[in-house]
1. Starting from residues that are outside any helix (DSSP H, G or I) and of a type in the set (Phe, Trp, Tyr), keep the ones in the stretch 38-77 and report whichever is farthest from the chain's Cα centre (by Cα).
2. Please find, among Ile134, Ile123, Ile138, the residue that is surrounded by 19 or more Cβ atoms within 10 Å (Cβ to Cβ), among the β-branched types (Val, Ile, Thr) and without any contact (Cβ under 8 Å) to a residue 40 or more places away in the chain.
3. Among the residues of the stretch 91-144, which ones are among the aliphatic types (A, V, I, L, M) and more than 16 Å from the chain's Cα centre (by Cα)?
4. Among the residues of the stretch 1-40, which ones are over 22 Å from Arg254 (Cβ atoms) and among the basic types (Lys, Arg)?
5. If Asp130 passes every condition in (1) more than 24 Å from Glu155 (Cα to Cα); (2) in contact with a Ser or Thr (Cβ under 8 Å, 6 or more places away or on another chain); (3) modelled with pLDDT of 85 or more but one, which one does it miss?
6. The conditions are (1) at pLDDT below 95; (2) more than 21 Å from the chain's Cα centre (by Cα), and Thr184 fails exactly one of them. Which is it?
7. If you scan the stretch 154-183, which residues turn out to be surrounded by fewer than 13 Cβ atoms within 10 Å (Cβ to Cβ) and within 14 Å of Ile138 (Cα to Cα)?
8. Looking only at the stretch 202-211, decide whether some residue is over 23 Å from Asn117 (Cβ atoms), free of Cβ contacts under 8 Å to residues at least 60 places away in the same chain, surrounded by 14 or more Cβ atoms within 10 Å (Cβ to Cβ) and over 13 Å from the mean Cα position of the chain (by Cα).
Amino acid sequence: MSDKVLLLPGDGIGPIVTAAAEKVLSMATDSVEIVHGMIGKSAFEETGQYLPHETMDLLDECKIILSGPVFTPESGVDPLKTLKVQLDLYARARYFRTLAPDLGVDGLEMVLWGSNNNVSSEITEVTELDGVTISKYIKSTSYSRMMSLALSDVEIRKLERVTCLTRPDFFPISSGMFADTFQTMFPADVYETRILNVKDWASHLLKTPSLDQCIICVDMYSHVVSGMLGGLTGYDHLCPTCYIGDEYRLYQPRHKATIEGLED
């Protein structure tokens, strides 16, 4: 029986990227059935909706989604973010591997796990008389849910070295909760674990880039860590970001719908 994958081309260069992905899948396996849907501005032009009901109906049979980037509508509501919230895609995984020795550090391969801010926490900015107030609410279960998926991935891939990155000098309470959850989920007598401040990890990364196999990072710094790992492996846009929940997985390119120098 074939697995069904929902393909959402999106906008801008999205259709080109997803068409290439579909071609690769068709050549790599015959056990995947591609189901086509719509999202973004291209969907709005045809259906009057950025996230059509027809696309949502396809999710009853498709648990894996490949989506291109989308243009954010004038309302400011990103249809991809809406989809991630509705599907409860609370974790985010990014895989890094040097594809050729001349692109980056030879032999480097690791995975970066973090929480999806759109689901697991709420960040608000409020303009005050003399500045801006930034507040963040974190659900008590957000870390354990994400790390349980990371643990399953570590077990399946038989990884041994797992590193936890926090920022206790800036956020002592949430960093402490993150580290406590990590120690519970990844016991030191089973895995080679480290708990580091993000800045300390970054300072040693260039000297020992292959020390980590799996990194679990507090979400406010995962994008910075991702950029550093992308530089070490020679790319940041070739490998998609995977948003994961209990039932669904959504793979999305890291670039926007338009990239300077690559416009039509």
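1. Filtering first and then ranking leaves Tyr50.
2. Ile138
3. Correct list: Leu99, Ala100, Leu103, Val105, Leu108, Ile123, Val126, Leu129, Val132, Ile134, Ile138.
4. Passing the criteria: only Lys4.
5. That leaves (2) as the condition not met.
6. (1)
7. Matches in the stretch 154-183: Pro172, Ile173, Gly176.
8. Yes, the stretch 202-211 has at least one match.
The values are calculated or read from the model by the stated rules, or taken from the named source; none is laboratory data. Note that this is a predicted model, so its numbers are computed, not measured. Glycine gets a Cβ as well: all are built from the backbone with ideal geometry, and neighbour counts include every protein chain shown.
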